[in-house]
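Please treat every number below as a calculation from the coordinates, not as lab data. As the structure is a computational prediction, the values presented were derived from the model and not from experiment. Neighbour counts are summed over all protein chains in view; Cβ atoms, including those assigned to glycine, are modelled from backbone coordinates with ideal geometry.
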Amino acid sequence: MPATKEAPPPAASPLEQIANDPVPITLLDGTTIEIRFTFTAIADLERHFGSYRAVLEALDGDADRQSYTELGVFLFAGLVTKTHTVSAPDEWQQVTVSERAWTHEDLLAALDPKRFTEYALAVQEASRRAFPTVEEDAAAKAAAAAGNAAAQ
């Protein structure tokens, strides 16, 4: 009997790749938590900073401008820890809800001020993993344009 080939596993979506690639940080008491910038986290940052461009500018800001407050905002946004789907009141529509395991104040109290540089580097790494590079963004735009042209 010939061996049957199993179908390869589906490729992970970009969101799954982000969700599976967290960056660890160490808290004041020595415990480790993880941050990642999911779509929800990025949307929260946009609401805080006012626009996607402002988020990117805050990430690229020079070291003299960095603040504990701003770093706390990024770390908190990265702590979206669980997502689940619930039925909306009309019972036929599903709504995805994200919850954080911490409040913003609890997180700030748990952070070690001496680890500012470590936290800033963790935010940079998490953002590098989440945000597309210029090349990836250009490739996605070209693929979308090609798909639109083929559909016409």
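Annotations for the structure displayed:
- As a rough guide to protection, the peptides 34-45, 101-112 ranked by mean Cβ packing within 10 Å, highest first, stand as 34-45, 101-112.
- Distance between the pseudo-spin-label points of Thr117 and Ala101 (7 Å out from Cα toward the beta carbon): 2.8 nm.
- Gained length - Gln66 relative to Ala149, 0.36 nm times residue gap less alpha-carbon distance: 25.5 nm
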